[in-house]
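One structure below.
Only the coordinates and a few stated rules stand behind these numbers; no lab work does. Keep in mind the model is a prediction, meaning the values are calculated, not measured. Here the Cβ positions follow ideal geometry from the backbone for every residue, glycine too, while neighbour counts run over all protein chains shown.
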């Protein structure tokens, strides 16, 4: 039996995790078994915990992009096949990654054609950064090299999905659609909201199609690509939150996110994505994020929890030195926690700049 492999790309903060969660529910409602594989440059990924907390079977490929950990990707899928026997695999690549058609989709189609049926490759368009990038405005802290990655992600897509339309007014949506159509002619453009489900029928209809998809091999400069990725400071950290009295977990996450965004702006670093998850010992959870330097903190999944103890996971992707980012995250979490009588004890912390992508396979032409 072949497994349907559905990979959804998009820049950091484009809404991939929310999209995968909604897609998983869609396939489950059709009676299909679903497995998920997430991907990150480091361990302790908010996305993995968020999807697992929704009851999904999730494997994680840490340490580099799918393209550089291709064998690990296949191995994690194998683990899901052994346990859950999924009909559909949903895959979420690193948000700073591109060239995935040549390094993931084509190898899967060629080397594992009897095992996987690969769906069309949809890429989510992130309006908050995308509008500035397609207008050729200053990228608010991102250099043209990071904007290069953003555009290359869209260039290899079988369809571009303007996500977060619930956050935009009709004039903005029309402008974005026009810009995308002008700059990526011939690529279908969908409008959707992973949060509300608006436009999702068109996305699922696209992903169910078969045919000559996943064939756009990029002409890409890996030096620019590597330098663009290396601009970002990357931090994954975990902390234990404890208090003598119950505390408002949602409010604490919101205050931490807000203060981190202020600090990053003051340091001149554009926020690609700040994401937090807070979980109590019963595995109830809250998720909050900031997706750019000029957007407000948002609780994408409020919890209503008032625990005395909770676990916190912080994922931060900001265009500043990772050592500075790590120090500021620890300082802000401790400070905002102390304001409400909570002690924050950090358990793990990894900060880095992504290394140069070295794909396991790279196909120069489509099979």
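Using only the Cα atoms of region 9-133, build the gyration tensor, take square roots of its eigenvalues as a ≥ b ≥ c, and label the shape rounded, prolate or oblate: rounded if a/c is under 1.5, else prolate if a/b is larger than b/c, else oblate. Cα axes put region 9-133 in the rounded bin. Largest GNM mean-square fluctuation across 337, 266, 57, computed for the chain with C-alpha springs under 10 Å, falls on 266.
Extension gain, residue 205-residue 1: 0.36 nm per intervening residue step, less the Cα-Cα distance, totals 71.3 nm. For the chain, the share of DSSP beta bridges that are antiparallel, to the nearest 5, is 55%. Rounded if a/c is under 1.5, else prolate if a/b is larger than b/c, else oblate: which is region 234-352, with a ≥ b ≥ c the root eigenvalues of its Cα gyration tensor? Note, shape of region 234-352 comes out prolate. Look at 361, 26 and count the other Cβ atoms within 10 Å of each Cβ; fewest to most, that gives 361, 26.
Each of 210, 360 has some number of other Cβ atoms within 10 Å of its Cβ, and from fewest to most they run 210, 360. Helix 322-339 against the longest principal axis of the chain: what's the angle in degrees, Cα atoms only, rounded to the nearest 10? Tilt relative to the chain: about 50 degrees.
For the chain, the longest principal axis of the alpha carbon atoms and the long axis of helix 144-155 meet at an angle near 50°. Taking the helices alone, the chain has a mean residue ellipticity at 222 nm of -11000 deg cm²/dmol, built from -39,500 (n - 2.57) per DSSP H run of at least 4 residues and averaged over all its residues.
May I ask for the distance between the Cα centers of region 75-144 and region 311-341, given as a whole number of Å? So the separation of the two Cα centres works out to 28 Å.
As a proxy for reagent exposure, 275, 152 were ordered by neighbouring Cβ count within 10 angstrom, fewest first; the result is 152, 275.
How big is D, in µm² s⁻¹, for the chain by Stokes-Einstein at 37 °C and 0.692 mPa s if Rh is the Kirkwood radius over C-alpha pairs? It diffuses with D of about 159 µm²/s by this estimate.
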